[in-house]
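Engineer: What follows is a single structure, and I will ask about it in a moment.
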Amino acid sequence: MTSPLRTGSLSVAGNTSPLIGVLALQGDVREHRAMLEELGAHVREVRLRAHLEGLNGIVIPGGESSVMDKLLRIFDLYDPLRRALSDGLPVFGTCAGLIMLATELEDAIAGQETLGVLDVTVRRNAFGSQVDSYETDVVVSGVPGPPLRVAFIRAPLVTRVGPAVEVIATLPEGEVVGVRDGSALGVAFHPEITGDDRLHRLFVETVRATGFTVAALQTA
Ligand code: GLN
């Protein structure tokens, strides 16, 4: 039987060193960890339910969403993570992480599920098999300064955006590659690979301003 999480609490905002988890079942965990630590956050790799307790935010990295989805279930993390996110745990998903956050997928593998945090439809591997990866500059609203240099790697695209969701990044042809709904951010690319930390900075600021903490797990 799964033991539910109690609703997280809203604490005094402005925690200067928030505790940010990086979902560490699979994918490019190390790069996110390094960037968040550079920005003054405490980082915890999340592999078990107990690792959710006390988090102020979580990053879902790039990798392979269908594998991540399976591992979430095997590690008994799917339900508690979904609950923490729906209670308001700030989240930043990159590439496969964006796929995990969507409510709806195109080109999912059979049985693939998501965490359903962002009301968007995401098409997996939307650039086709020829375009394995490339780097480009993307303007992200809320990120000051010049465009971000980012990497697209077997990247998805957002093909439908729900009414509550804000588009924060598009490609020159108008394809949506970044979305936000309050403290939930998702981007189709990898900002952690090219060394530009401004999106992580935006997320850490969002985590501080939100002041959410995942409450203790109930053991009953
Ligand atoms: N194509 C991968 C997937 O479907 C995502 C690729 C990535 O995260 N770089 O999950």
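Engineer: Report, in deg cm²/dmol and to the nearest 500, the calculated mean residue ellipticity at 222 nm for the chain, where each DSSP H run with n ≥ 4 adds -39500 (n - 2.57) and the sum is divided by the residue count.
Structural biologist: Calculated from helices alone, the mean residue ellipticity at 222 nm is -6500 deg cm²/dmol.
Engineer: Once the piece of chain linking ALA164 and THR194 is laid out straight, how much longer is it, given 0.36 nm per residue of separation minus the C-alpha distance between them?
Structural biologist: Between ALA164 and THR194, full extension yields 7.8 nm more.
Engineer: Please turn the phi angles of segment 132-149 into ³J(HN,Hα) values with the Karplus equation 6.51 cos²θ - 1.76 cosθ + 1.60 (θ = phi - 60°), one per residue in order, whole Hz, x for glycine and proline.
Structural biologist: Running phi through 6.51 cos²θ - 1.76 cosθ + 1.60 with θ = phi - 60° gives 6, 7, 7, 10, 7, 9, 10, 8, 10, 5, x, 10, x, x, x, x, 7, 8 Hz.
Engineer: Turning to a different aspect of this structure: Note down the net charge around GLU104, summing +1 for each Lys or Arg and -1 for each Asp or Glu among other residues with Cβ under 15 Å from its Cβ.
Structural biologist: Net charge in that neighbourhood comes out at -3.
Engineer: About the Cα centre of the chain, what is the dipole size in debye to 20, counting +1 per Lys and Arg Cβ and -1 per Asp and Glu Cβ, all else neutral?
Structural biologist: 560
Engineer: Which residues' amide hydrogens lie under 5 Å from the amide hydrogen of GLY211, considering only partners 5 or more residues apart or on another chain, with H built in the peptide plane?
Structural biologist: Residues meeting the amide H criterion: GLY14.
Engineer: Can you give me the pair-distance distribution of segment 8-133, C-alpha pairs, 5 Å bins, whole percents?
Structural biologist: In order of increasing distance, the bins hold 2, 11, 21, 24, 19, 13, 7, 3, 1, 0 percent.
Engineer: Hey, in the GNM for the chain with a 10 angstrom Cα cutoff, which one of THR136, THR121, THR206 fluctuates hardest?
Structural biologist: Looking only at THR136, THR121, THR206, the largest GNM fluctuation is found for THR136.
Engineer: Given VAL122, VAL29, ALA215, which one lies farthest toward the positive end of the charge dipole of the chain, if we put +1 on the Cβ of every Lys and Arg and -1 on the Cβ of every Asp and Glu?
Structural biologist: ALA215
Engineer: Which whole number of Å³ per residue matches the convex hull of the alpha-carbon atoms in the chain?
Structural biologist: Residue-normalised Cα hull volume stands at 110 Å³.
Engineer: Which chymotrypsin sites (Phe, Trp or Tyr not before Pro) does segment 160-220 hold that lie in a coil by DSSP with at most 14 other beta carbons within 10 Å?
Structural biologist: none
Engineer: Here's something else I'd like to know. With 10 angstrom as the radius, rank PHE127, PHE152 by how many other C-beta atoms surround their C-beta, starting from the fewest.
Structural biologist: Ordered from fewest to most neighbouring Cβ atoms within 10 Å, PHE127, PHE152 come out as PHE127, PHE152.
Engineer: Where is the GNM fluctuation largest for the chain (alpha-carbon springs, 10 angstrom cutoff): VAL91, VAL143, VAL207?
Structural biologist: Highest fluctuation among the options: VAL143.
Engineer: Mind sorting ILE109, ILE153, ILE99 by how few other Cβ atoms lie within 10 Å of their own Cβ, fewest first?
Structural biologist: In order of increasing Cβ crowding within 10 Å: ILE109, ILE153, ILE99.
Engineer: Follow-up. Placing +1 at every Lys and Arg Cβ and -1 at every Asp and Glu Cβ, with all other atoms neutral, what dipole size does segment 140-184 have around its Cα centre, in debye to the nearest 20?
Structural biologist: The dipole of segment 140-184 has a size of about 140 debye.
Engineer: Please name whichever of TYR78, PRO163, ALA151 sits farthest to the positive end of the charge dipole of the chain, dipole taken about the Cα centre and charges placed at Cβ: Lys and Arg +1, Asp and Glu -1.
Structural biologist: Value: TYR78.
Coordinate-derived values only; no laboratory data. Note that the structure is predicted; figures quoted are calculated from it, not measured. All Cβ positions, glycine included, derive from the backbone under ideal geometry; neighbour counts span all protein chains shown.
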